[in-house]
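Just below is one structure, and these are the notes that go with it.
Read-outs throughout are calculated quantities, based only on the coordinates presented, and are distinct from any laboratory measurement. As the structure is a prediction and not an experimental result, all values here were calculated from the model. Neighbour counts run over all protein chains shown; Cβ positions are idealised from the backbone, glycine included.
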Amino acid sequence: MVRPKGNSILTAGIVSLLFISIFSLSFFFFKEQANQYLKQSSDGVREAAQGIGYSIKSGRRIVAGLEDSLSSKNGANGNYLTPLIESVFFIDPDILQIRLIKQNGEEIVRYERGDTGDVTKIPTNELQNKSNRGYFKRALESSTSQLISRVELNQERGVIEQPWQPVIRVMEWLQLGGNERVLLIVNLSVKDGLDSNIGELDQVETWIVDQFGVLLAHPDDKVRFGHQTSSGWNLKNSDLKKFNRIEREGAFVEEWSFWLSEPLRLKTALGSSYEIWIVSHIQGKPILNYLIFSTVITLLAVISTYVLHRRRKFIDYKINQELVSAEEKHNDDLARIREDAKTLRKLQDIANIGTWQVNLETGEIQWSKQTRKIHEVENNYKPCMETAIQFYKEGESRNRIEQAVELAIETGKGWDLELELVTGKGRTIWVRAIGDAEFDGERCIRLFGVFQDITETYLLHKETHEAKELMRVTLKSIGDAVITTDNKAKVEWMNPIAEQLTGFLIHDAKGKDIQHVFNIVNEYTNIPVSNPIEECLAKDKTVELAADTKLISQYGEEYSIADSAAPIKNENGETIGAVMVFHDVTEQRRANNEVEYRATHDALTGILNRSAFETKIEQALHDCHSNQNTHALLFIDLDHFKIVNDTCGHAAGDELLKQVTNLMKREVRSSDIIARIGGDEYAVILSNCEIARATTVANDIRQRVDAFRYYHGNQSFRVGTSIGLVPISDIWTSLSDLMRAVDGACYAAKEGGRNRVHVWEQSDMDIKLRHVEMGWATKLERALDERRFDLFAQRIFSVEDEHQALHVEVLLRLRDERNRYISPGTFLPIAERYFLSARIDLYVIEETIDLLQKRAVWSDIKQVNINVSGQSISDRRFHSDVINVLQALPRSLTHLLCFEITETTAVRSIADAVSFVDKLKEIGVNVALDDFGSGASSFGYLKNIDTSFLKIDGQFVRAILSEELDRVAVRSFIDVAKVRNIPTVAEFVENEEIYNEVVNMGIDYVQGYYLHKPELFDELLSTPFVSLSKVINN
């Protein structure tokens, strides 16, 4: 395409503009004329349109009046409706028709206004069912007002009237009563205000069209309302302004024609907005040639400027694309900024953070919504610099913020402070205030920052800090040493007591392995023992320090200690370290050792006493059965000791015993055991010694004592020894058999002339004794079969609880053939020798349970104690039988039972005892350690066996008033039990003095003949409650 020259384009453009201007002026002249005619027509049409609105309001008033009338009369009776409807017709002359139609389509009432203006009620026989009529179907679907034509209404009435007068139909459902309804139809005539006879132009037509395109009024009587116009097109809201030509019979008319429209919006009584369009179609004189000439000139102008505008169009297109792209990017950025701002506001709300800024040039302060919320002020609150500072609590907080602001303005240094603030409601809170400064050159122009309520966090931190400080001060102040480590057993912290005992300061010990700081060994062997921290971390549970442990500090100082270590876990249950608590028990252990020494050694001679000796002899006997070792036992009785005692007094006798003891100690090895078991009686255990060697040692002792002379003043005394010798081997099944044999051998030495050694041999007397015992074994088995064992019980009283329920120990008695009771001391040793103890113990347990189960309730019973022999403890079949019996019982009954195990029983088989006790505990049965203190290792067994009660051996209680050593022993037993939180029971409380003494010592329970003599258990159960005070008073 050849681009036109500039002059040609200019010329064509000027010519085109000239003709376009002439055409536009002509067209404008005709349009102004048409508008004047349109305005004249519109004034009349507006009146018609307002009449439509008026008719709608009138119809609505009729509906409301009839609805109230029907509601009050509860029916649609024409007799009372007639005067009401006639008065409505009289008031509103535009009403043409009122009708009532039931829900099923039956018309029940109709009133009509005739051409003369008279109101007529249509007879009932002329009313028809209207359910099939189109308007009624529409009415069933929607009872709303409709605009219809006068023609459509007159077709029903059989009357032809002017068609351009529109009619409004108001329809409403009315309630007759119950569920029955009627449809009220009111047809009203719209006032005629149309003026279609303008006449100066060829044709001016003015119509009324509603917002749905329905033709409401037209001057042509051939035009039906709601149908197509004669020109072949529908009037619709969207097309009203688009008509610029009329197509008639496929040819252009030689006259100019255009359309003008104006909307009129009405507010109807129905509460909705109704839109009426006033449309005018104006036609003028023929101007076809003028229009063709103008069109050709215009086309030439368009062609001449096409090339010029094409380039400009291309440039505009490119610019438009760039503008669109830039606008899209701008919109995206703006949307992203708005989303980020929205997210920021949400985060500020979540974190309770507000923002603020101060314009130092204007003094204006801006607070965000969250900042106002934190200050508890109204949203419209306007702060200033002075009032904003006043919110901070007077004193340190206000001074700090003022100093921070001044420093920021001077130097630009920001601040981050935690301060107290008093809100607008008077609450004191803690806030974190962060601020910074903005400078313009050397001048500070703005301060800004964030603001956060940290009250909860601050108080929690403060509380945690105070708790930690309290713990730190407490751990520093307590008497126990404390060391904490990480999960690698490296020291993290230790208190001053730990520093003192280990010899390490915290800054020296931190980070070191616990073994390097905490050096512990066995205090008797000096062999290193397992470190409790490492064991605790390995097993992930609390660990106690091994017994007899001592700590060696880095300076060589030694301390006997007791401790425990426990894992430290975080909130997720993960082990993050360990803590160990230990304390110096050097003096306590020394005192305990002394007490134990006194409990096991003779106070006069310093050698073992009878109780400790029995423990040792049992161990030796057990060794014979287990390891087939052979030992020897000497029983030594001093001859003529009574002469010295009677002649010179007890002091001289005591001195003699000391000197004789030293003589005998020189003749035995350090591995041998020598004990004083009576006033002038001794026993010696020769370990791993054959009978021949033992005989030699016995004679050496005899000869040395025989050669000894005791001098008292001018008197000289000679004493001798009668010694019985018995081999300790597996031929002895019990300690009592062994002791009877050695006692018999010593007696034989005395009978043989004294000052001699008698080696035990099996004699006729021994065989006879064995036959007697075998006879007793047969009697016991028969007694079990005949159930001649009776259960007795003795009360155990609580010192503190005056109203304690029944607490007893079950005792066993044997009835002979004459129903006389035999003491258990007679038959129980025989039962144990012939392995009948387990049967007897099981019998007692089953009988006790049977008596308890016969009771309806057990609430008045606290506990029933049952003795279990050592033989039963070692019998695993007995364990199984008892566990089976107990497991069949309810938990409420097993909680009442308590098995008493003697200390010597536990010594005989500590492993079996521990195993059996653990099984009993699982079922709910308690365990008491009986005869505590009678053995040499009482405290050790107390530690190993999980016991619920500790019963102190009666030999200590019985002599508590006369023997200081017994008093000290009982007191130590009570103290040890309190450390382990184990209640104590004092047996053999035989009189008031003993009772008062043990109560003053702190004993928990008492038992003895002074308080209660044993009685049949089933009779005791019938009177379970007896108060301790009543017993003492009686």
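Worth a mention:
- When region 352-459 is described by a simple charge dipole with +1 on each Lys and Arg Cβ and -1 on each Asp and Glu Cβ, the residue from Gly354, Gly441, Ile409 located farthest towards its positive end is Gly354.
- For the peptides 744-752, 529-537, 319-327, the ranking by mean Cβ contacts within 10 Å, running from highest to lowest, is 529-537, 744-752, 319-327.
- Checking the cross-link pairs Lys658/Lys943; Lys510/Lys539; Lys665/Lys750; Lys510/Lys943; Lys978/Lys1030; Lys616/Lys978 against a 32 Å limit on the alpha carbon distance flags Lys658/Lys943; Lys510/Lys943 as lying beyond it.
- Computed from backbone phi with θ = phi - 60° and the Karplus coefficients 6.51, -1.76 and 1.60, the 3J(HN,Hα) list for region 785-799 is 5, 8, 6, 9, 8, 10, 9, 9, 8, 10, 5, 10, 9, 7, 6 Hz; x is used for glycine and proline.
- For the peptides 452-460, 94-102, 414-422, the ranking by mean Cβ contacts within 10 Å, running from highest to lowest, is 94-102, 414-422, 452-460.
- Leu897 long-range amide H proximity, modeled H, under 5 Å: Val864, Asn926
- Using distinct alpha-carbon pairs, which all enter the 1/r mean, Kirkwood radius of region 352-459 in Å: 14.0
- Scalar couplings 3J(HN,Hα) for region 985-997, obtained by applying the Karplus form with A = 6.51, B = -1.76, C = 1.60 to θ = phi - 60°, are 10, 9, 8, 6, 7, 9, 8, 5, 5, 5, 4, 4, 5 Hz; x denotes Gly and Pro.
- Note on Glu402 and Ser948: their simple-model spin labels are 7.2 nm apart, each label 7 Å out from Cα toward Cβ.
- Close amide H partners of Ile728, meaning residues 5 or more places away or on another chain with modelled amide H under 5 Å apart, are His631, Ala632, Leu633.
- Most positive-pole-ward Cα, Ile723, Leu663, Leu780, against dipole of region 648-800 from beta carbon charges: Leu663
- Burial order of peptide ranges 390-400, 1001-1011, 652-662 (average beta-carbon count within 10 Å, highest first): 1001-1011, 652-662, 390-400
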